[in-house]
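Note sheet for the following structure.
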Amino acid sequence: MGRHILTGAPGAGKTTIINALAQLGFDIVRESFMDGYAQQKRAGWSDPFQNPAFLDEIIDLQVQRQDAAFAYKCQQQFFDRSVLCTMALSRFMGRSPTKKIQQAVDQLLQTGRYNKHIFFVKGLGSIASDEVRTLTYKEAEEFAEVHRQVYCENGFICIDVPAMSVQDRVAFIVARANTIN
């Protein structure tokens with residue numbers, strides 16, 4: 001079974017790709033950050049990044065979704081980010097990873113459940129800013145490089161998914177996933 005992670009810069013099109021893969025019948029796991037952010041807003045945090053427990057709550061959601069997906073048997077699964085992305089976020093924010101983040105990453109590495117080749121979705125040349133995505137395109141690209149560093153430091157190999165149409169990106173990912181399973 002192939003379990004494939006998609007990562008990269010915010011606004012690079014990962015969620016659009018994940019949705020297109022789902023429409024083709026692939027098993028997908030959605031990212032946890034946006035849902036975690038929304039939960040924090042509902043809990044009264046005007047800026048969830050100010051909550052010291054925010055990253056741990058994202059990890060909890062990621063681990064919950066990941067474990068549910070691991071229990072499901074299918075040919076291939078595609079994950080919109082992983083716990084390593086939360087480690088990258090922690091680093092980008094200038095914070096050391098929390099104990100919970102480190103434990104989740106250690107467990108991910110020990111179980112070896114993901115394919116070691118990950119899909120690194122390249123930016124599209126611009127980013128739409130909103131309440132959650134406040135980074136400039138340059139900052140988003142810098143954040144993407146932190147992701148690349150974290151994944152490579154942990155033994156993963158990045159397969160760059162170039163900027164092209166959604167259909168072409170999906171075809172690229174499916175073709176590569178079929179050869180690296």
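The values are calculated or read from the model by the stated rules, or taken from the named source; none is laboratory data. Computed from a predicted structure; not experimentally measured. Reconstructed Cβ throughout: ideal geometry from the backbone, glycine too, with neighbour counts over all protein chains shown.
What is the residue count in the stretch 23-55 for residues that are part of a helix (DSSP H, G or I) and either under 15 Å from the mean Cα position of the chain (by Cα) or surrounded by fewer than 19 Cβ atoms within 10 Å (Cβ to Cβ) (or both)?
13
If D47 passes every condition in (1) in contact with a Ser or Thr (Cβ under 8 Å, 6 or more places away or on another chain); (2) free of Cβ contacts under 8 Å to residues at least 24 places away in the same chain; (3) among the charged types (D, E, K, R) but one, which one does it miss?
Looking at each condition in turn, D47 falls short on (1).
Could you list, in sequence order, all residues of the stretch 76-113 that are of a type outside the set (D, E, K, R), in contact with a strand residue (DSSP E or B) (Cβ under 9 Å, 6 or more places away or on another chain) and closer than 26 Å to A53 by Cβ?
F79, S82, L84, C85, A88
Quick test of your reading of the structure: T111 fulfils all but one of (1) within 17 Å of F33 (Cβ to Cβ); (2) over 15 Å from the mean Cα position of the chain (by Cα); (3) not aromatic (F, W, Y). Name the failing condition by number.
Status for T111: all satisfied but (1).
Working only within the stretch 153-181, note down all residues that are among the aliphatic types (A, V, I, L, M) and either within 18 Å of Q75 (Cα to Cα) or in a loop (DSSP other than H, G, I, E, B) (or both).
Those that are among the aliphatic types (A, V, I, L, M) and either within 18 Å of Q75 (Cα to Cα) or in a loop (DSSP other than H, G, I, E, B) (or both): A163, M164, V170, A171, I173, V174, A175, A177, I180.
Determine if the stretch 118-132 includes at least one residue that is over 12 Å from G8 (Cβ atoms), under 15 Å from the mean Cα position of the chain (by Cα) and not polar (S, T, N, Q).
So far as the stretch 118-132 goes, no, none of its residues is over 12 Å from G8 (Cβ atoms), under 15 Å from the mean Cα position of the chain (by Cα) and not polar (S, T, N, Q).
Considering L89, L135, L124, which residue is in a helix (DSSP H, G or I) and not β-branched (V, I, T)?
Testing whether each residue is in a helix (DSSP H, G or I) and not β-branched (V, I, T) leaves just L89.
Which of the residues belonging to the stretch 34-64 are under 24 Å from I17 (Cβ atoms) and touching a Lys or Arg at 6+ places or on another chain (Cβ under 7 Å)?
I59
May I ask you to list pairs of residues, at least six apart or on different chains, whose Cβ atoms are under 9 Å apart, with the first in the stretch 71-97 being farther than 17 Å from H147 by Cβ and among the acidic types (D, E) and the second being buried (at least 16 other Cβ atoms within 10 Å of the Cβ) and modelled with pLDDT under 95?
Within 9 Å, no pair qualifies.
List the number of the failed condition for V150; all other conditions in (1) more than 18 Å from G125 (Cα to Cα); (2) in contact with a Leu (Cβ under 6 Å, 6 or more places away or on another chain); (3) assigned to a loop (DSSP other than H, G, I, E, B) hold.
All conditions pass for V150, except number (3).
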